[in-house]
Structures are given as structure tokens and as C-alpha cells.
Amino acid sequence: MTERVKVVTAPADGSPDKGSPADRSATASPARPDSGFSVRGWFRDDASEPVRRNLGLIAVLLVLYGIGAWSRPDIFLHADRLWSNELTVLTLASSIGVVAIGMTFVIISGGIDLSVGALLALASVWCTTLSTQSYGAATMIFVALVVGTVAGLTNGFLIAYGRMAPFIATLAAMVAARGLAQKISGKTTQVVSVKGITDIAQRKFLGLPWLVIIFAVVAVLAWVLLNRTTFGRRSAAIGGNGEAARLAGISVRRTQVIIYALSGLCCGIAALMVTAQANSGSSDHGNLYELQAIAAVIIGGTALAGGRGTIVGSVLGVLVFSQITNLFIVNNLAIEYQLIAQGVIIVAAVLIQQFRVGSLLRRPT
Amino acid sequence: MTEAGMTEAGMTEAGVTAGGEPLLRLTGIVKTFPGVRALDGVELEVLAGEVHCLLGQNGAGKSTLIKVLAGVHRPDSGSLLWHGEEVSFSGPQAATKAGIATIYQELDLVDDLTVAENIFLGHEQAAAGFVRRGRMRAEATAVLRRLGHGDIPVNRKVGRLPAAAKQIVSMGRALSHDAQLLVMDEPSAVLAHDEVANLFRVIRELTSRGIAVVYISHRLEEIREIGDRVTVLKDGRTSAVNLPARTTRTDDLVTRMTGRSIEYVFPERAGRPEGESAERTDANPSPALLEVVGLTRPGEFADVSLSVRAGEIVGIAGLVGSGRSELLETIYGARKPHSGEVRLDGRRLAPGRVSSAVRAGLGLAPEERKSQALILEDRIYRNVTLATFARYASAGFTRAAAERAAAAEIADRLALHPRAVGRPVKTLSGGNQQKVVLGRWLLDPSTSTPSQAGRSGKSTGTRLLLLDEPTRGVDVGARADLYRVIRRMAENGMGVLMVSSEVPEVLGLADRVIVMREGRVVREAPAGELDEETVLDLVMAGSLLEVDSP
């Protein structure tokens, strides 16, 4: 029934963002006057579905601000205090956000990467060994990125050419990389004495912490990569229908290898961010990052089965999580409540998406 | 309705040989799906203890009829009398409970469970929720012994059994339900010759105890050997009921299956009337575009050689399981051949590499449109450009506008409906989805990006198209459309190699026909020299030659 309605009211020219509003008003709902129809028509079109999902997440964020304004009006109702509080939230979100962006590509392609937290720890301890630190900041950055990428490449090869299930291959990597990180660090915290690294977490640029800027740059680049390049197109195609992609001549395996390498690279970047924040490298960094990243990506509307998902959704998913954490902190609530709330949010977000909160907007009144 | 159906069935009574109340009687069964009338007044009468054969071409409605018997589909109208009482099955469980067991072609056994567990799947012997494994094993052994196969180990995982034994296990499951009617869909398709003999022994054993069997097969000699009576389906109707299986002449049976009333509207062959194509090819042998030499994949097809010229449509006729789809996929590089080679324009294609085949100019419209060809959730234009988006891109950046424009042009050329290429492909009908798949190979990115065309110096479009069942699941009206599209592709110089189970389709569309049976080419001839009955006969194991006399 709803299918039928959709077919009838969808704009016939196929370019929902451009077509003539007059036409659409005629097909969409003849009974109503003309005003605002291009927006409404677009909202009913399938093309707007990701945007509708993201608007839902923005609504959740607004609700969280509302709760903040109610519980801590002294912070949330003062512009400058709110700004500095939100910078804290963004900083909190930045490293997990970068990991979640890599995870978005993996999940869109129909895979999963359980090893991200462990790869982060491995890259973190590898780039902070005393000998590496002696070469300076540039070398440390280089080592972290290479370690993450190579570990991701290994995952990719095992999955694409070793034909292992992504769950199994990255589960093995998760255990092994964490162990290797402990071996390298001798389970001790490796204090960072290189100023170039610690500056990442302490310096600001144009009033924004570098960590936030890195997160934003990674997000923008990833958006372009996913939506505007052949690689992004291949990633979505193999997740949408791997067999169809293969029979259309897309090299599925090569694309898979690159995707997992990309996830590893994101772990390397996040490792530097965490290391800078903690002022140290440790095999305990990135603990449970895999679960948080997966949760954020799923909340962001990416289908766990692959084929569909957005970078913006994942970023919003991370922000929702961080904002909840922040609300608990500013209200001095215990961490256990925070975990419970996060679990509830995951369930609620997925349920809401399944029941299509957007369909309320689409239903002709 | 029921009354009318009964009187109609009355006229079939003349053909009934055995007396007594029939076990099962179907009258006036109608089942429609969107756009298709799959069953259009089907009659069927099965007596206890007989083997009743169902005969009919692909698309005649056999599968739908089986599913009605199995309780999977509910008929729109018509009556189903079981033991003389009108019944309506609410689902497969209800049919099983009533005593009708169905053994599908792709056996629905669970490979990772043991033989005993499979036999009692869904009705495990249990006490207080605990499975009584010992008792199940003992009863499974007893069931298999009744089938003459006490030798099948009941503790073995079914996945490790050969095909013939799996079939016996399926029958064992039916027996464990106390089935009175066993429906078998092409049980011999996966069996070797001696295994078929054994299957027949088991069937005779069952019928001697009063169990009825509805047996579906394309092999006429089998029907003669095991069958008692035959019902023939054609275009969703019964064209003959209760013919004696042993004495009805083969040509009589074939005639009743052919001469379909469904309109196949084939486009005119431009400047090439019937029969002339043969002369033309003899007089003017243009070089082959595609050459396949001695291609072999053990167990699928052996030593297949064929060629396709530019502008020519070559049709492969053959049953499911004759190796035709596997052959197409191997030519395309989606499977690796054991031996033999594929050449396009004399250049050898890398075996087992789809991407290089596509680069060389091959395209495939696979058999399973939804699972093999389309990303259903994605937009139409992105599905059209799935194989070519990289060639529209510049420096790795996709150009959505160029893709949209190219797809819109294809949509116009193919009369895609609706033409809005930004919509998800899942909202299209089957015929229009198939147009999207065909359209994918009509794109020629070189014409829209002059820089690239200039660089490579020649067209990057598809030159040879492989079509696997191009009209499967497409309704009658849309078929004519697709035929026109395919013919026009050939007229524009593309070579087409197509596979179809529907003989009229192959004969009507192709210039040259290749008949495959059991993985081998058994006949190759211009389409004008063949007729439906000859091809059908070749496809169904040369029965005219072997059993012509009654």
C-alpha cells in the first residue's frame, strides 16, 4: 500500500532535487495548495532517505541538548560555556570518530573489522618506543600510519584472498595485535617526550583543537572518497550485491584489500590522536573501540548487511554517543548508568530506523 | 465453481482405467501472479498406487502446480479433493500432515545434519523435550530398509552423501510422515543411469504398497518405463489428461506440449527473411567474433566448440542441468575452464577473469537477475553504469551527471518504464529490470568522453553479449519488448549468444541454434532448418529415435 503511494507521488523526472515544483505539486497531492511542495515531494522520494535518517539523528542530538539545558542550565544556556563544553565533546569524539569512519567503509562493503581497537594499540606502542621517539615526531607519525595500514592490509589479504570470513580474520587480528602490542611495550606505559606529538592534543588552530580538525578533515576526505570516487562506488557495490559486482567486472578482492587497509590507516591516525591525548603509548589504548565504532556506524544508519550507509550518519552516531557521555559527566552520574544509556540508545536508534521515523514526514496528510 | 469443475472433470473419466475413488483430484485450478496466469484451469487425477507423470515444457506451470499440491501456493480458484473431500492447505505443514510429501529438485536437506536427523527434521522423536536419538536412529534405519537402502549410514552427515543417496533420504523423510502421495520434481536429473534404475525399483516398491507418486521428468523414456498415466500441461492448462504412459505415441505427447498458444511476438528479421540467414552465412562467411574451442569443465560440459559472428544471434537450447548456464559463465570468465579456450576477435581471453573479459568487450546478463545482476536498493542509473562507471570517471572521480545522462539515453532507447533513472531499481517490474541489465551493456562510454575515445582510438562498448534466460520472470507483454531490444542490438553489429529453456524463444530469436544435452553439443543448425518438435526431441534425450513405435 505504501509502496503504491510512493510510486505515484515520486517525481517523474528522476532528479528530485531539481525538477519542476509545479509538476510535482500536481502529482504529489492535488488537494493541497502549492506552497512548500518541492521540499515535501523530495522528502517522499527514496533519494532523500539517508538525509531523513540523519535528520533523525540531529533530532536526537537536539533532545540531548534539551536534557542538558534542563539538567545543567548553567552550562547549556550560556553561549561561551556551551561552546567550550561542546569542544570537549568533539575532542572526546575525535579519535573514536576517525576509527568509525574507517569502519563505515568496511561495513558498507559488507564486512566487519573487530581489530580496530587492537590495531590502534599496536600502532600506538610501536610509534612510541624509545628508539622510534629518538627519530622525532615525523618518523613517529610515519610509523603509526604504516603499522596501521600494513596490519589492515593483512586483514584484507586474509579476507579477500584467504577467503576467510571478515569476522574471523579480524577477530584473530584483534587478539594477536593486542598481544603483539603488549610484547612490544612490555605492558608498560611508554611516556611520550616528543613535543610535536603532544602538541596535537594541546594546540588549537583558529580556536579549534587540532584533534577536532583532524577528525573533520578525515570525515570530509572520506565523504568525498565514498560518494565521489570509483573506489567508493566499488565499496558500495560489493556490499550491495557482491555477485552482481563481480559479474559486472569489478575486482571485488582488490577493493576489499584496499578497504581493510583504509580501516587500518584510520586506526593509525587515531593511534596518534590517542597517544597525544594520553601523552603516552600503551597496549591498553583503544580498548573496546571496535564495539563503540560499530555501534556508532550502525546508529548512523549504515546497514550491517552492507551496501548502504553514509559518513555523515557515522559522524552523527559518534557525536550522539559522546554527547551522552558528556551529559553523564556534567551531571556527575556514575559510569554504569552511562553504559546502560548507551545500550538503550543503540536499540532505540535501530528500532526507530526500522520503523522509519521518516515515513511520518512522507505520509500525505 | 466446484460444480462446474466436477462436470468438466467428468469428461476426463473416459481415460480412467483403474476403478475406485481417486486419491487426489484437482479441478479448474487457477493461480495468478502479478502479470502472469501461471495456472489457468488445471485438472489432475491421481489414483492410489499409481505413478502419474506430469509432462510439460518450462513455463507450462508444473512447478506452480507442485507448489499448490505442497501447500506452498493457495490456488485462486478451483477445487482440490483429497480422499474425496474438499481441502485447502493453509501451508506446507498442512499438506505434509494430510499425507502429501514433495521432493523438490533442489533437495531440501540440511547438509550439516545426519541422515537420521534429516529424516525426522521437524517431527523429531522426543520425550519431554529431549530428542530420543537412539529411537530416531533405529526408526530411520527401518525407513531406509523399507526403501531397500539399509546400507545408508544414519549417522553420516547428509552433505557427505552422493546425490542418489540424498534422494533416498528425501524419500525416507516422506515415508516417515506416512505420506500417501509423493510428488517428485525431476528426481532423475541429478542421477546416473544405474542410479535411475535403482530409484525406479524404490518407486515400484512404494506403489505396490498403495502409495501414489506424481512424477515429473523431461525424459520420455523414463516416463514410459515407470509411469502409468500421463497428464500434459501447456501454458498453465491441461492439454491432455490420463493418457496411458506406455502406449501413447511420442509424437502425440510432443504435439500436446508444443504449439503454444502464448503469443511470442518476434520482431521481423531486418532484410533477412526466414531461411535466408543460412544462405547468407554460407555465401559470406564473415570472420567469427567469438570463438570457443574445446571448452571443458568436468561434470558440467565437455569439449564445447562454437562461434558467434558480429551481428548474429546464436541460441543455445537445453534443459536445466545441460550445462548451458555454466558454459556461458565460463566463456565470460566467471568460472575457470579445465581445458579449452575462448577467443574474441582472435585474441585469447584470460581464463577465469571477468574483468578482462569485460574490458575485451564481453557482457553477461545472468540467469538470476536479482541475485546476480542488480543492486536492488541502488538507483537505476547506478545499476546501468555498474560495469562502466570507472570509464565515465576522470582521475578516479565518478561523474554522476555523465552517468545519469548516459543512463537516461539508454532508458529512452529501451523504452524503460518509468524513465526516472534516479529511482531504486527494485521499484521496476521484472521486464524493466531486465532492460536495465541489458542497457548496462549498451553503454559506450567512449562516445561521451571524447578524451578517452581519442586515447584508445576505438570503441569501448560491448561487442558480444551473453544472455542467460533473458525473459525469465518477465510477463508476456514485456517479452516482445525485450526481443526487439535484443534484435536491435544484433542489428547494430553486436554478437549475441543466448541460452533459453523455451524452445520457441530460441527458434524465434536466434539466427543459428545449438542444442545441448548433458553437457555436450548434440546439434547445430540455422534456426530456419529446425522446428520446435525436433529441438524439443533432441533436448529430451533423442526419444523419437529410440521409442517411436507404441
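What follows is calculated from the coordinates using simple rules that are stated; it is not laboratory data. All of these numbers come straight from a predicted model, not from anything done at the bench. Don't worry about glycine lacking a Cβ; one is built from the backbone with ideal geometry, like all the others, and counts go over all protein chains shown.
Below are the figures for this structure:
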{"quantity": "B:Ser429 versus B:Asp531: modelled label distance in nm, points set 7 Å from Cα along the beta carbon direction", "calculated": "3.3 nm"}
{"quantity": "Contour excess over end-to-end distance, with Cα ends at B:Arg156 and B:Thr32 and 0.36 nm allotted per residue", "calculated": "40.4 nm"}
{"quantity": "19 Å reach of a label modelled at B:Thr296, 7 Å along Cα-to-Cβ, counting backbone N of the range B:306-328", "calculated": "B:306-307, B:322-324, B:326-328"}
{"quantity": "FRET efficiency, 1/(1 + (r/R0)^6) with R0 30 Å, evaluated for A:Lys204 and A:Ala334 via beta carbons", "calculated": "0.40"}
{"quantity": "Cβ-derived FRET efficiency at R0 60 Å, B:Phe397 paired with A:Asp284, nearest 0.05", "calculated": "0.90"}
{"quantity": "Fully extended contour minus Cα-Cα distance, from B:Lys336 to B:Asp303, at 0.36 nm per residue", "calculated": "10.5 nm"}
{"quantity": "Shape of the range A:91-156, Cα gyration tensor, a/c cut at 1.5", "calculated": "prolate"}
{"quantity": "Residues B:His177, A:His78 arranged by fewest to most Cβ contacts within 10 Å", "calculated": "A:His78, B:His177"}
{"quantity": "Interchain or long-range residues, amide H under 5 Å from B:Val214's placed H", "calculated": "B:His52, B:Leu182, B:Val183, B:Met184"}
{"quantity": "Amide proton proximity set for B:Ala126, modelled H, under 5 Å, gap of 5+", "calculated": "B:Arg132"}
{"quantity": "Residue mean of other protein chain beta carbons inside 10 Å, A:247-257", "calculated": "6"}
{"quantity": "Simple label model, 7 Å out from Cα along Cβ direction - A:Val217 to B:Asp444, nm", "calculated": "4.6 nm"}
{"quantity": "D_trans [Stokes-Einstein, Kirkwood Rh over alpha-carbon pairs] for the range A:307-356, 20 °C, 1.002 mPa s, µm² s⁻¹", "calculated": "179 µm²/s"}
{"quantity": "Spin-label pair A:Ala69/B:Asp76, simplified geometry with 7 Å Cα→Cβ offset, distance in nm", "calculated": "5.8 nm"}
{"quantity": "Lysines with Cα under 17 Å of B:Lys97, excluding same-chain neighbours fewer than 8 positions away", "calculated": "B:Lys67"}
{"quantity": "Other protein chain Cβ atoms within 10 Å, averaged over every residue that makes up B:525-535", "calculated": "0"}
{"quantity": "Within the range A:282-318: backbone nitrogen closer than 18 Å to the A:Val51 label point (7 Å, Cα to C-beta)", "calculated": "A:301, A:309-314, A:316"}
{"quantity": "For A:232-242, mean number of other protein chain Cβ atoms within 10 Å", "calculated": "4"}
{"quantity": "Net +/- balance of residues flanking B:Glu469 in space, Cβ distance below 14 Å, scoring K and R +1, D and E -1", "calculated": "-2"}
